[in-house]
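Data block below; observations after.
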Amino acid sequence: MMDTNQPLLEINNLLVTYPVGKVEFSAVDDVSFTIEKGETLGMVGESGSGKSTIAKAVVQLIRPTSGTILFDGVSLDSLHKKEVRRLRTRMQMVFQDPGGSLNEYMRVGKIITEPLLVHGLAKGKELEERAEELLLQVGLQKEDANRFPHEFSGGQKQRIAIARAISLKPELLVCDEPTSALDVTVQAKILSLLSKLRKELGLSILFITHDLAVVNAFCDTIVVLSNGKVIERGGVDDVIRNAKHAITKELIASSYA
């Protein structure tokens with residue numbers, strides 16, 4: 001019998017190592033956490049703490065050294081390439097640099113519907129109509145489909161990247177510092193957009209950031225990392241009000257300075 005209460009994402013004892021000279025460097029060391037359906041988990045830590053490595057492992061851009069990643073109860077290690085490709089329709093990633101993740105030589109309409117074309121989910125006129133729907137959904141105009149990325153501001157480019165990420169109607173959105181390259185006013189607008197989409201689409205979100213103020217405003221639960229290890233976890237309010245680790249306290253102080 002299927003367990004309808006299982007987490008959407010379950011990470012167990014994740015280890016990711018890289019060779020550095022003659023030794024192995026542990027970028028992620030024995031990390032475990034879960035994300036429930038509809039939950040937004042904030043992953044926080046200083047630079048080099050392992051946040052982005054975990055994000056890439058979740059969406060299978062890199063393979064873990066050991067440990068398990070289960071998506072909706074299915075171990076990603078057990079899947080063949082075709083099955084992983086199919087699973088990618090259910091989890092999508094939004095990167096830190098919106099400009100760098102967009103092809104400057106493609107029109108926006110083609111950029112945001114490319115995943116639909118690649119997975120054979122739409123073609124022709126249907127792609128054009130879906131592009132217009134997605135642009136409106138992220139607060140842009142239908143006419144923007146015919147423009148190129150360089151014609152947009154940083155915040156607008158991130159909206160385009162988000163439109164592409166939701167084109168396949170994923171269940172999990174992995175956001176790797178999606179607001180850190182934007183000014184404070186634009187950050188707030190992007191967070192507001194993500195909140196709206198979370199409700200409309202029933203998304204679960206893994207939200208990676210170094211800013212605890214953002215996590216406090218946007219996330220349900222939190223995992224704090226340092227040197228590839230989890231040092232604190234729990235409900236956002238509880239961790240921020242009762243931080244136990246010195247690094248968590250430093251992150252709080254820098255976020256609310």
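The values are calculated or read from the model by the stated rules, or taken from the named source; none is laboratory data. Quick caveat, the model's predicted, so the values are computed rather than measured. Ideal geometry is used to build each Cβ from the backbone, glycine not excepted, and the neighbour counts take in all protein chains shown.
Quick notes on this one:
- Answer from 190, 205 - the residue that is touching a Cys at 6+ places or on another chain (Cβ under 7 Å) and over 17 Å from residue 32 (Cβ atoms): 205
- Some residue of the stretch 240-252 being out of contact with any His (no Cβ under 9 Å at 6 or more places or on another chain), under 13 Å from residue 46 (Cβ atoms), among the hydroxyl-bearing types (Ser, Thr, Tyr) and part of a helix (DSSP H, G or I): yes
- The stretch 88-130 - residue that is among the hydrophobic types (A, V, I, L, M, F, W, C) and without any contact (Cβ under 8 Å) to a residue 24 or more places away in the chain and, of those, nearest to residue 156 (Cα to Cα): 127
- Meets criteria (over 28 Å from residue 148 (Cβ atoms) and small (Gly, Ala, Ser)) for residue 78: yes
- For first residues located in the stretch 178-202 and closer than 18 Å to residue 91 by Cα and outside any helix (DSSP H, G or I), partners that are at pLDDT below 90 and not polar (S, T, N, Q) and lie 6+ apart or on another chain with Cβ distances below 9 Å form the pairs 178/95; 178/98.
- Any chance residue 108 is over 21 Å from residue 203 (Cβ atoms), surrounded by 13 or more Cβ atoms within 10 Å (Cβ to Cβ) and among the β-branched types (Val, Ile, Thr): yes
- Taken over the stretch 153-177, the residue count meeting the criterion of being closer than 22 Å to residue 53 by Cα, assigned to a loop (DSSP other than H, G, I, E, B) and out of contact with any strand residue (DSSP E or B) (no Cβ under 7 Å at 6 or more places or on another chain) is 0.
- Scan of the stretch 30-71 for residues that are among the charged types (D, E, K, R) and either crowded, with 18+ Cβ neighbours inside 10 Å or under 18 Å from the mean Cα position of the chain (by Cα) (or both), ordered by number: 36, 37, 39, 46, 51, 56, 63
- Hey, residue 152 among the aromatic types (Phe, Trp, Tyr) and under 20 Å from the mean Cα position of the chain (by Cα) or not: no
- For the stretch 1-40, the candidate set comprises residues that are charged (D, E, K, R) and part of a strand (DSSP E or B); within that set, the residue that is nearest to residue 200 (Cα to Cα) is 10.
- Listed conditions (1) buried (at least 20 other Cβ atoms within 10 Å of the Cβ); (2) part of a helix (DSSP H, G or I) are all met by residue 140, apart from (2).
- Sole residue being closer than 30 Å to residue 16 by Cβ and polar (S, T, N, Q), chosen from 156, 141, 60, 137: 60
- Across the stretch 205-223, not a single residue is classified as touching a His at 6+ places or on another chain (Cβ under 9 Å) and either of a type outside the set (Ser, Thr, Tyr) or over 30 Å from residue 102 (Cβ atoms) (or both).
- Unmet criterion (only one of (1) in a loop (DSSP other than H, G, I, E, B); (2) touching a strand residue (DSSP E or B) at 6+ places or on another chain (Cβ under 9 Å); (3) not hydrophobic (A, V, I, L, M, F, W, C)) for residue 47: (2)
- Number of residues in the stretch 219-257 that are within 21 Å of the chain's Cα centre (by Cα), more than 28 Å from residue 17 (Cα to Cα) and crowded, with 21+ Cβ neighbours inside 10 Å: the value is 1.
- The number of residues in the stretch 39-75 that are in contact with a Pro (Cβ under 9 Å, 6 or more places away or on another chain) and modelled with pLDDT under 90 comes to 0.
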